[in-house]
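For reference, the structure discussed in these notes is given below.
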Amino acid sequence: MMRTVDRAQVRAPIDRVFRYASEVERWPTFLDHYRWVKMLERFESDRGIVEMAAYRPFGAFDWPTWWVSEMAIERADHRVRYRHIRGITTGMDVVWQLTETAGGTEIELIHEWTGPAWPLIRRPAAEWVIGPIFVHGIASRTIAGVKRAAELGE
């Protein structure tokens, strides 16, 4: 199973960090690598289907990525969960877990996936390319942007 974990320590209160992490429709306003985020369906205030598109930069070239996820916001635990349901990463589970610390808030962003439905190259594609190059490349930028916005209180 492919598993990537990205972390950041944020000098901001947990409720502010959680707001930036969970209000995904606002991400393109403060995350330059996000092309769009659209709530396709809202089941209730804290659950829905969200479509996301981002760029993975490679020097002067930006590789476009896209996926659709079921999203669940767990306010009491400062957690946001996703299950990718469309796109190359269908079946990927994602958890944003926020923890209050003495200096502010720790963000832990976990992606787990068994890989694309491609016989023979499923595991190498997930573990050698998609996870470390694309998932980590986008997740690390996303966490850095959420950290920056929360610390500035934009």
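The values are calculated or read from the model by the stated rules, or taken from the named source; none is laboratory data. Being a predicted model, the structure only gives us computed values, none of them experimental. Using ideal geometry, Cβ is built from the backbone for each residue, glycine included, and neighbour counts are taken over all protein chains shown.
Just a yes or no: is a residue in segment 28-36 in a strand (DSSP E or B) and surrounded by 18 or more Cβ atoms within 10 Å (Cβ to Cβ)?
The answer is yes; a qualifying residue exists.
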Checklist (1) free of Cβ contacts under 8 Å to residues at least 60 places away in the same chain; (2) under 23 Å from R148 (Cβ atoms) applied to G104, failing item = (1)
Among the residues of segment 1-22, how many are at pLDDT below 95 and part of a loop (DSSP other than H, G, I, E, B)?
-> 1
Is at least one residue of segment 50-57 among the small types (G, A, S) and over 14 Å from the mean Cα position of the chain (by Cα)?
-> no
Among the residues of segment 29-69, write down those that are charged (D, E, K, R), within 28 Å of G153 (Cα to Cα) and at pLDDT 90 or above.
-> D32, R35, K38, R42, D46, R47, E51
Does at least one position in segment 65-82 carry a residue that is under 16 Å from R141 (Cβ atoms) and touching a His at 6+ places or on another chain (Cβ under 7 Å)?
-> yes
Output for Cβ contacts, cut-off 9 Å, separation at least six or different chains, first residue more than 14 Å from L109 (Cβ to Cβ) in segment 79-99, second surrounded by fewer than 16 Cβ atoms within 10 Å (Cβ to Cβ) and basic (K, R), reads G91/R83
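Results for (1) closer than 23 Å to R19 by Cα; (2) touching a Leu at 6+ places or on another chain (Cβ under 8 Å); (3) charged (D, E, K, R), shown as yes or no for each residue.
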residue	(1), (2), (3)
E51	yes, yes, yes
S69	yes, no, no
R81	yes, no, yes
T90	no, no, no
V95	yes, yes, no
I107	yes, yes, no
R123	no, no, yes
F134	no, no, no
